[in-house]
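A short write-up of the structure that comes next.
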Amino acid sequence: MTDIKAFRAIKPRTDGRYPEDLKKLLEPETDHKDIQLKSYLTSFRKMLKSGYFYMEDKPSIYIYENNSQLGIQRGIWTLTEINDSVVQKIIQHEQTLLEHQDKIQAYREQVGLEGEPILLTYYPEPELDDLMTAVISEQQPECMFHEDIIHKFWRITDASIIKSFEQAFRRIKTLYVADGHHRLSAAQSMRHDMQQWMSTLYISTDQIRVREFNRLIIPDIAVNEKDLFNLLYQYFHISAIPNNIPYSPDHHHRIGMCINGKWYQLNLKAELEEIQQESDTVILQEYIFTPFFGISEPRGDQRLKTYDPVKGWPELVRESRENPGTIAFTLYPMSIQQLLAYADQQKHLPPKSTWIEPKVPYGLLIHLQE
């Protein structure tokens, strides 16, 4: 059973434009060891008292819509109780970075602010679709603009409608973590000491967009290019990219690689039937990164960097050009069906295997853990 509840969201006072640098004001960017975390809660309370933020007058749940050039994504924003029942129901697909999880847990314990929701997905439910449609047809949304994306909210305060949503969620049998593995893991580890309610955005699987994280190896010692290619030839057909143009793959099981400033396309050999069933991130990790580079634990290895598909591509290209001793690997994104298949088989992907959208800017709706 999934228990959700309405909450009194805390919001910045704006004219419809997203307040920049909000996350920097409320969350540390560096290691927590030398930072007084409770100072962030003190600063937040001062900003709330001064009127920079305000708290909604009634507990609410929200219909949220993300409207970008890539399309419209719509879901339900509420609180979820992280109890033993829901933990058993939620399926995770990705390993967490232990150091990152510890930092999030420390922040949650000492500050308790949630500036962005975890993202849970479920197979389409007509009952929830109908409830959302009914709300949207009767209200005008509140809008927020940020980086060419329109974020829309329909606020629900009616107790009978909220109850209908609560009942519908209790009937959902399986949930998948789309984004927020570290935050969820932190809350799970705390649930036996204190009740945990998490800010959660629920979006059905047909609304989720999956994109890729690319990878860069920064080796400790110079790589023997011949030895690397001898290993790659066991699994891939390899061809140089015409005009040495940075290569972004256009198909599953095609991987881009840049070594010593030269770009190559790696096509997985069709006769490798067992490997054909794996995702490209798993293939790289198990057949290349571990045996050749010795990166067996990607969660904490400083030699491995990842780059998101939004702002990371030019950085990756620049890094591989300016530092030819590095090795870049570029990937094609998994489909949502592949992602859920991994989750259903309880097979964990390497960290940063997927970039999931929508991405919700920090601070649109803030929840303060009590």
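The values are calculated or read from the model by the stated rules, or taken from the named source; none is laboratory data. Being a predicted model, the structure only gives us computed values, none of them experimental. Cβ atoms come from the backbone with ideal geometry, glycine included; neighbour counts cover every protein chain shown. Calculation scope for accessible area: heavy atoms of the full protein, side chains included, ligands and nucleic acids excluded. Shrake-Rupley method; radii C 1.70, N 1.55, O 1.52, S 1.80 Å.
Computed with a 1.4 Å probe over protein heavy atoms only, the accessible area of Asp280 comes to about 10 Å².
From the C-alpha coordinates alone, can you work out the Kirkwood hydrodynamic radius of region 251-347, in Å? Present the calculation step by step, with values, prior to reporting the outcome.
Details: mean 1/r = 0.0678 Å⁻¹.
For region 251-347, the Kirkwood estimate is 14.8 Å.
Note on Lys58: aspartates and glutamates with a C-alpha under 12 Å away, same-chain residues under 8 apart excluded, are Asp158.
At a probe radius of 1.4 angstrom, the accessible area of region 306-370 per residue rounds to 42 square angstrom. Counted over all Cα-Cα pairs of region 147-254, pairs farther apart than 23 Å make up 62 percent. Using a probe radius of 1.4 angstrom, the carbon and sulfur fraction of the accessible surface of region 31-80 is 50%.
Karplus-derived 3J(HN,Hα) values for region 164-176, using 6.51 cos²θ - 1.76 cosθ + 1.60 with θ = phi - 60°, are 4, 5, 4, 5, 5, 5, 5, 8, 6, 8, 9, 10, 10 Hz; glycine and proline are entered as x. Of the peptides 322-330, 36-44, 214-222, the order by per-residue mean of other Cβ atoms within 10 Å, starting with the highest, comes out as 322-330, 214-222, 36-44.
Roughly speaking, to the nearest percent, how much of region 259-370's 1.4 Å accessible area is carbon and sulfur?
45
Output the pairs from Lys226/Lys305; Lys89/Lys163; Lys24/Lys89; Lys173/Lys311; Lys38/Lys347 with a Cα-Cα distance over 30 Å in this structure; if there are none, say none. Violating the 30 Å limit, Cα to Cα: Lys24/Lys89; Lys173/Lys311; Lys38/Lys347. Between His251 and Ile136, the modelled labels are 3.6 nm apart [label points 7 Å from Cα along Cα→Cβ].
With a 1.4 Å probe and all protein chains in place, put Arg108, Arg45 in order of accessible area, largest first. Spell out each step's value before the answer.
Working: Arg108 20, Arg45 125 Å².
Ranked from most to least accessible, the order is Arg45, Arg108.
Note that region 84-239 presents 47 Å² accessible area per residue, ligands and nucleic acids not counted, probe 1.4 Å. Using a 1.4 Å probe over the heavy atoms of the protein chains, calculate the carbon and sulfur portion of the accessible area of region 114-154 as a whole percent. It is 51 percent, rounded to a whole number. With θ taken as phi - 60° and the Karplus curve 6.51 cos²θ - 1.76 cosθ + 1.60 applied, the whole-hertz 3J(HN,Hα) list for region 118-125 is 6, 10, 10, 10, 8, 5, x, 10 Hz, x standing for glycine and proline.
Estimated from the Cβ-Cβ distance and a Förster radius of 30 angstrom, the FRET efficiency linking Glu322 and Ile238 is about 0.80.
Within region 354-370, name every residue whose backbone N is under 17 Å away from a label modeled 7 Å from Cα of Leu25 along the Cβ vector. It comes to 361-368, nothing else.
Work out, in µm²/s and without decimals, the Stokes-Einstein translational diffusion coefficient of the chain at 25 °C, 0.890 mPa s, Rh from Kirkwood over C-alpha pairs. Calculated translational D: 110 µm²/s.
Ordering Trp263, Trp355, Trp313 by accessible surface, largest first, gives Trp313, Trp355, Trp263; the 1.4 Å probe counts only protein heavy atoms, with every chain in place.
Compared with the dominant Cα axis of the chain, that is its longest principal axis, helix 38-50 is turned about 50°. Using only side-chain charges placed at the Cβ, +1 for Lys and Arg and -1 for Asp and Glu, the dipole size of the chain relative to its Cα centre rounds to 720 debye. Per-residue 3J(HN,Hα) values for region 249-263, derived from phi via the Karplus relation 6.51 cos²θ - 1.76 cosθ + 1.60 with θ = phi - 60°, read x, 10, 7, 4, 6, 10, 10, x, 9, 10, 9, 6, x, 10, 9 Hz in sequence order (x marks Gly and Pro).
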